[in-house]
Amino acid sequence: MIQNIQTNSKMNKENNLREFIEEIWNKKKFEKVEKYVHPQYTVHLDDEDPWEGKTLNHNEFRKRLKFSFDSFPDMNFEITSAIEDENHVAITWILTGTNLGKIGEFPPTQKKIKTRGMSIYHYTNDLISGHTQVFDRKTVAKQLGFIE
């Protein structure tokens, strides 16, 4: 019986994360941030992310979302695998989108991107409290024509 409860709890975290990706990232329902995100969300390791190493409240988390969608308004994540433990859910994903807004000093390219990555989402009190992430930014830079 205890094992079933633990399994259900784990499944709930994975399902919760899948809902979070779909609702917040793919459908852009920013009003649902509090449902999924802990009031202190830390970006643990995400090289080249302006928020790397910072802890964000809900409003700052929404600003981070807006920042991402300003460059890629049609950004979409497809989860390709998930592994979970008591306080984490790790996912691999495919990111697609069209560059319709500035990226730093670079003007919009109107080009589509497709890249792969991995994120480990951290949980505190059943809410997502941060992430550790790695993805192929070099492929994105090539697809956008920033590098050869």
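Where a number appears in this text, it was derived from the coordinates with a stated rule and is not lab data. Computed from a predicted model, the values in this text were never measured in an experiment. Using ideal geometry, Cβ is built from the backbone for each residue, glycine included, and neighbour counts are taken over all protein chains shown.
General observations
- Around the Cα centre of the chain, unit charges on the Cβ atoms of Lys, Arg, Asp and Glu (plus for the first two, minus for the last two) sum to a dipole of about 480 debye.
- Proxy reagent accessibility, fewest Cβ within 10 Å first, across F30, F69, F20: F30, F69, F20
- Gain upon complete extension [V134, N15; 0.36 nm per residue less C-alpha separation]: 40.7 nm
- Percent RCO, i.e. relative contact order, over the chain, from Cα pairs under 8 Å lying at least 6 residues apart: 21
- Counting Lys and Arg as +1 and Asp and Glu as -1 over every other residue whose Cβ lies under 14 Å from the Cβ of D46, the net charge comes to -2.
- For K111, the residues whose amide H sits under 5 Å from its own are N99, ignoring neighbours fewer than 5 places away on the same chain, with H placed 1.01 Å from N.
- Local electrostatic count at Q110 - Lys and Arg +1, Asp and Glu -1, tallied over other residues with Cβ under 13 Å: +2
- Cross-link partners of K63 among lysines (Cα-Cα below 22 Å; sequence separation of 8 or more within a chain): K27, K28, K29, K32, K35, K54, K102
- Those residues of the range 106-148 whose amide nitrogen sits under 12 Å from the label point placed on L100, 7 Å along Cα→Cβ: 110-111
- Between the listed residues A141, W93, F20, the Cα displaced farthest toward the positive end of the dipole of the range 2-143, a dipole computed from Cβ unit charges relative to the Cα centre, is found at A141.
- Extension gain, L65 to T92: 0.36 nm times the residue separation minus the Cα-Cα distance gives 7.8 nm.
- Exceeding the 25 Å Cα-Cα cut-off - candidates K13/K114; K13/K112; K66/K114; K13/K111: K13/K114; K13/K112; K13/K111
- Net charge over other residues, Cβ less than 14 angstrom from the Cβ of E23 (K, R count +1; D, E count -1): +3
- Ellipticity estimate at 222 nm from DSSP helix runs (n ≥ 4, -39,500 (n - 2.57)) divided over the chain, nearest 500: -9000 deg cm²/dmol
- Label-point separation, K142 to E48 (7 Å along Cα→Cβ), nm: 1.3
- Label corresponding to Rg/Rh (Cα atoms, Kirkwood Rh) when calculated from the structure given, among (i) 0.99; (ii) 1.48; (iii) 1.15: (i)
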